1. If I ask for residues that are part of a helix (DSSP H, G or I), more than 17 Å from the chain's Cα centre (by Cα) and facing chain B (nearest Cβ under 8 Å), which ones from region A:62-77 would you list?
2. Just one of (1) surrounded by 20 or more Cβ atoms within 10 Å (Cβ to Cβ); (2) closer than 25 Å to residue A:116 by Cβ trips up residue B:87, so point out which.
3. Answer yes if at least one residue in region A:20-34 is over 15 Å from residue A:140 (Cβ atoms), of a type outside the set (Lys, Arg) and facing another protein chain (nearest Cβ under 7 Å), and no otherwise.
4. Among the residues of region A:8-44, which ones are among the aliphatic types (A, V, I, L, M) and either in contact with a strand residue (DSSP E or B) (Cβ under 9 Å, 6 or more places away or on another chain) or more than 17 Å from residue A:109 (Cβ to Cβ) (or both)?
5. If you take the residues of region A:78-92 that are more than 15 Å from the chain's Cα centre (by Cα) and of a type in the set (A, V, I, L, M, F, W, C), which of them is nearest to residue A:107 (Cα to Cα)?
6. For region A:96-106, what are the residues that are more than 7 Å from chain B (Cβ to nearest Cβ) and in a helix (DSSP H, G or I)?
7. Looking at residue A:181, is it of a type outside the set (Ser, Thr, Tyr) and surrounded by fewer than 18 Cβ atoms within 10 Å (Cβ to Cβ)?
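The values are calculated or read from the model by the stated rules, or taken from the named source; none is laboratory data. Fair warning: this is a prediction, and the values are worked out from it, not measured in the lab. Counting neighbours? That spans all protein chains shown, and the Cβs are built from the backbone with ideal geometry, glycine included.
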Amino acid sequence: MSSGFRRGARAFLVLAPPLAGFGLAIGVLGVKAGIEPWLVTAASAFVLSGSAQAAWVGLYASGPAAVLIGTVGLGLRHIPMSASLRPLLGRDLSLPRRLLLAHFLVDETYGLTISAARNGEPDPAGFVAGADVVLYVNWVGTTAVGAYLGSSIDPEQLGLGVIFPLMFLGIALPLIHDRRHYVTASLAVGLALVAVLVVPPAWQVTGAAVLAAAVGSRFK
Amino acid sequence: MSGGLAVVVVAVMAVITYACRVTYFLPKQPPRIRTENPFLEIFPIALFVALATVGLAAPEGRLAVTPFLGGAAGGLLGGFIKRGSVIVVVLAGIAGYWLARLATGGTN
């Protein structure tokens, strides 16, 4: 186990409690939507995407087409994510390791790794692997607890829904340093608000982020 | 959605999501995209800000004044106090959310 792996695992432990709240909520809400507990848990293991799973639970009654269109819209953001993360991981990764790391490309560990690499982390590949392991155990475990044991929990009553966007805010803030970053962040806020009004839910984040980055990247 | 169909939907979701994730992990050589590429440098900021904005400003899919905005204010204040700490942002945001929720009568 490399020291980068340990640093990544330790870094993600900070995010584990808030993420556990969201995993619990997904488990509870999935079962309340009529999905079998084992399938809610399996989705966490094999899809491993909080936003896609939240859309799945929310759109479950609308049928497969709505769910899958939503999955495409939410999934497309992973393409630029993989493009920006891959060069940081070096040229020596074996194919099995690359294929495995790709499965764990999720918002939270991606954000932490980008931030760590920009702050001089010498082993981003080990770092992201360590963070991924903690995230995976946490996410699948808490979803299972919510799905099997959470029938008496009301996520809305507990206010668990606010935790997930706050985590994203907490990941974004340390990345913002110069004027171009502030402009991009402002654009992302504005475009996300407009997207909520005029774009189907599954495409709001991807559309706003890509457009904000495209415009912001031209700003000197 | 029947049991069998639900399983197929989850399998297709997994394939779609993985296909998007693996795009730049397949080639042995990292893509010829320099990390200094301006778009890729600022894409994480745009992504996480958009995720936070949609989640806090429209928690139920439409823009509305809800205690989540109190959470946003608390989170920003937490970030102002200790910028590099995700947990401070989350805890300050949760405090802001509950303050706003209690002030507006305890509803979500």
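1. A:64, A:67, A:68
2. (1)
3. no
4. If the condition is that a residue be among the aliphatic types (A, V, I, L, M) and either in contact with a strand residue (DSSP E or B) (Cβ under 9 Å, 6 or more places away or on another chain) or more than 17 Å from residue A:109 (Cβ to Cβ) (or both), then A:24, A:25, A:26, A:28, A:29, A:31, A:33, A:35, A:39, A:40, A:42, A:43 are the ones that fit.
5. A:83
6. Listed by number, the residues that qualify are A:96, A:97, A:100.
7. So residue A:181 fails the test.
The rows are residues; the columns are (1) out of contact with any Phe, Trp or Tyr (no Cβ under 7 Å at 6 or more places or on another chain); (2) modelled with pLDDT of 95 or more.
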site: A:137; (1), (2): yes, yes
site: A:155; (1), (2): yes, no
site: A:160; (1), (2): no, no
site: A:176; (1), (2): no, no
site: A:187; (1), (2): yes, yes
